[in-house]
Structure formats: structure tokens, C-alpha cells
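Notes follow once the structure below has been shown.
Each reported figure results from applying straightforward, stated rules to the coordinates on display, with no laboratory input. Note that this is a predicted model, so its numbers are computed, not measured. With ideal geometry, Cβ positions are generated from the backbone for all residues, glycine too; neighbour counts draw on all protein chains shown.
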Amino acid sequence: MTEPVNTASDSIATATSPALDDRVESARKTSLLVYILQASGFFFGITFIAAVIVNYIKKDEVQGTWLESHFRWQMRTFWFSAMWTVLAAILFIVVIGYFILLANVVWTLYRVIKGLIRLNGQQEMYTN
């Protein structure tokens with residue numbers, strides 16, 4: 001009697017477990033929530049802070065998945081945006097702060113939209 005031949009699809013099927021799939025799906029939903037919170041931060045500033053809090057609380061759950069890069073992207077978006085906002089606030093008195101704030105809004109919007117597009121395509125944000 002001959003043994004069945006393993007095909008590439010058999011090895012792929014055994015490589016992913018239902019527990020891993022559930023973990024990735026949960027992390028994907030969390031990442032989507034964070035992008036939504038960041039986007040709504042343009043209207044309700046506090047949600048931008050809530051987004052980064054969710055990132056830090058759920059950070060351990062995404063380690064080792066393709067969503068880890070999204071969390072890193074989201075956290076960097078928050079911290080750099082916060083830095084530029086503070087700098088803009090300081091420089092409001094010399095008018096340049098308004099231009100810095102405008103550039104910050106455009107940059108943050110770009111990062112949220114790019115992240116959502118790549119999340120929808122199930123792609124990492126960048127490769128290391």
C-alpha cells in the first residue's frame with residue numbers, strides 16, 4: 001500500500017490552526033477599530049488618544065502576526081502627530097504654527113488612509 005503524497009495545499013492547511021486564525025481575525029478587527037478611532041480623532045480629539053491606548057493594551061496579542069506592523073504604524077502615527085501638534089501650538093505666535101498644523105493634518109490623514117487600504121488588502125505596512 002502506498003502513502004498519499006503531500007501537496008502544497010495540504011501543508012498550507014496544516015500550517016494554520018483555527019486558534020491562530022481566530023487570533024489574527026481578532027487583531028485585524030482591533031486594528032480596524034484603531035484606524036476608525038484615529039480618523040474620528042479629526043472630529044473628536046479624545047478618540048485619537050483612545051486609539052493609542054488600545055494599541056498599547058492589545059500590543060502583545062499581535063506579536064508574530066502581519067498585524068504587528070499596523071500597530072507599530074498606528075503608534076508612530078500618534079506619537080509623531082502629537083509631537084508636531086505641540087510644536088505647532090508653540091509656534092502659533094509666529095504664524096508658522098498654522099502651516100505646521102496643516103501639514104500635520106495632511107500627514108496624519110495620509111497615514112490613516114494608507115493603513116486602512118493595506119489592512120483591507122491584508123498586507124503588512126512595511127517590511128523590515
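For L109 and E61, calculate 0.36 nm times their separation in residues minus their Cα-Cα distance, and state this gained length in nm to one decimal. Don't skip to the end; give the middle numbers.
Working: separation 48, 0.36 × 48 = 17.28 nm, distance 2.59 nm.
That pair, L109 and E61, stretches by 14.7 nm at full extension.
The three principal axes of the C-alpha atoms in the range 17-120 carry coordinate ranges of 58, 23, 22 Å, sorted with the longest axis first.
Ordered by packing density, taken as the mean number of other Cβ atoms within 10 Å over each peptide's residues, highest first, how do 29-42, 107-120, 79-92 rank? Please list the in-between numbers first.
Numbers: 29-42: 18.6, 107-120: 16.2, 79-92: 14.1.
Taking the mean over residues of other Cβ atoms within 10 Å, the ranking is 29-42, 107-120, 79-92.
Inter-part distance, the range 88-128 to the range 44-66, computed on C-alpha centroids, equals 17 Å. Would you mind checking the range 105-122 for residues with the amide N under 20 Å from a putative spin-label position 7 Å along Cα→C-beta of F42? Of the residues in the range 105-122, 105-121 have backbone N under 20 Å from the label point off F42.
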